[in-house]
1. Using only the alpha-carbon atoms of the stretch 211-289, report the extent along each of the three principal axes, biggest first, to the nearest angstrom.
2. Between beta-carbons, use under 15 Å as the cut-off and find the net charge around ASN370, counting Lys and Arg +1, Asp and Glu -1.
3. Can you tell me which of 426-433, 44-51 comes out highest on packing, and rank the rest after it, using the mean Cβ neighbours within 10 Å?
4. Using only Cα atoms, locate the centre of the stretch 388-412 and the centre of the stretch 342-374, then give the distance between them in Å, rounded to an integer.
5. Enumerate the whole-percent occupancy of each 10 Å bin, from 0 to the last occupied one, for all C-alpha pair distances of the stretch 87-130.
6. Nearest-5 percent of antiparallel DSSP beta bridges in the stretch 320-430?
7. Identify, among LEU237, LEU273, ASN289, the residue whose Cα sits farthest towards the positive end of the charge dipole of the stretch 211-294, taking +1 on the Cβ of Lys and Arg and -1 on the Cβ of Asp and Glu, with the dipole about the Cα centre.
8. Per residue of the stretch 207-219, what does 6.51 cos²θ - 1.76 cosθ + 1.60 with θ = phi - 60° give for ³J(HN,Hα)? Whole Hz please, x for Gly and Pro, Karplus curve as stated.
Amino acid sequence: MSIAAPPSLNEKLPRRGQVPRRGDVAETVRSARDRLLSPAGLPPRIELALLRQHVSQLFLGLPVVATIVATLAIAIGLRETLFAWSWIAANIAGCGLLVLAVLRFETSNRPIFQALAWKRLFLVVHFLAGLPWALLWLWPLCGSCGLVDTQALRFAASMGAVATIAIIGAALGGVVVAMFLPLIGALLYRLATGTDVLDQAMHGLLIGAVPFFALVADRLRKGAVERLRHQAEKDQLVSEIETARIQSDEARQRAEHANLAKSQFLATMSHELRTPLNAILGFSEVITNEILGPVGNATYKDYVHDIHNSGQHLLDLINEILDLSRVEAGRYTLNEEPLLLADTAREGIGYVQMKADTKRISIVSEFEPNLPQLWGDQRSLRQVVLNLLSNAVKFTPEGGRVVCRVGWTAGGGQYVSVSDNGPGIPEDELPTVLSSFGQGSSAIKSAEQGTGLGLPIVQALMALHNGRLDLNSKLGHGTEAIAIFPHSRVLEVMPALQDFV
């Protein structure tokens, strides 16, 4: 139940159901697109993210490869100048192709459906960039050129290049095989035509290193894919939570707006109906009491009495609706003051005592002595006690018993409890009787049916006092309603200050 006036609505928010529908359609389209464009099972959006990682790592790894190339060129170039300059030029050309591909990738809009095309383009460029490494092993070099052995230097440089590319290019699947496929072909040629056992062992070891480092790169790529999948799932979860939050806020605002409109309508109608009802009650009392003269017909007098009773019942209903509407609309003002809860309970018992005597119902009061004052609205608390006592008397059979208790709670607050030995309420009907206009099965069968607003009004008034209403009932064993006030509303009793001389 809304106690305070709700915030203003944002009319620009979409209506209920629009956000979930848009989210479902977007997710369906994205899933279908991923299935159609990724035959390997990897969504293109993840392929595009892997390409971005590959480009960023490529700029970090190119200086390492350039250092290897420069070191080898300087070591061999002391005797093989033509090879050194040729090999450097070939590597510069390969690196230039890579840089051009990266620049083209960075300046494009990179649509998701072109992810596989960009991957193939990078693999082709890496293949062309790997041709100089095949040239390194096909160029006829002397065995003892430079400061160290040529074969060992070529082997170390090639192994370092393969390991570097495997690490920096792991995000691009198949980059090791694509770049060093020309090297494998050159080594196989040297292995087939060579006669030196040591050189052949070196060639075979280098050939085996390529698939090994390709496997290492594949493991690194799988780890990157898992991280991207987890990130995508987290983003999707955050998006769903945000969508659910927006939908919940919209539903709450619509419910509060509808509740406020309903309360305002009921309050307005109650005011409009009070004026003619007062006239009906006043004129019917004049006719019943025959102030202006005798009616002359007993039947007419009975009719007027029925009119007065019906009008009074309707006025009571309107008053209850008006009170509940004011509370729900946040326009119920509390005039708080110190009061004694036991005195309020005694006053309520006095109001219902005559009706209880008519049904031969005994009302027992059990009040704890010396209770301190409570800070609250006298009229509201009187209505709380009166509603609870009226319900108890209404549904207690003739000769029954109603007990009204006032005392301390375990938390230092105070309570007023009204229990009866009536028919009780089934457990599944407790939420119904606490709702507006809700009535249990025992109320429906009773001859004294009410409006179903007594307990909701009590619940609303207790909420305004920071308290609560507990309803305990069992079918066939009566009902107990407990209005509990918090410790913060109890005025502590302080001893009087002594005068010191």
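1. 112, 16, 7
2. Residues near ASN370 contribute -4 overall.
3. Sorting 426-433, 44-51 by mean packing, highest first, produces 44-51, 426-433.
4. The distance from the Cα centre of the stretch 388-412 to that of the stretch 342-374 comes to 9 Å.
5. Using 10 Å bins, I get a P(r) of 28, 49, 19, 4 for the stretch 87-130.
6. 65
7. Comparing the listed Cα positions along the dipole, LEU237 ranks first.
8. Taking θ as phi minus 60°, the curve returns 5, x, 5, 5, x, 5, 5, 5, 5, 4, 4, 5, 5 Hz for the stretch 207-219.
Taken together, the values in this text are just the output of simple stated rules run on the coordinates, not laboratory data. Keep in mind that this is a model prediction, so the values were computed, not measured. Every residue, glycine among them, receives a Cβ derived from its backbone with ideal geometry; neighbour counts consider all protein chains shown.
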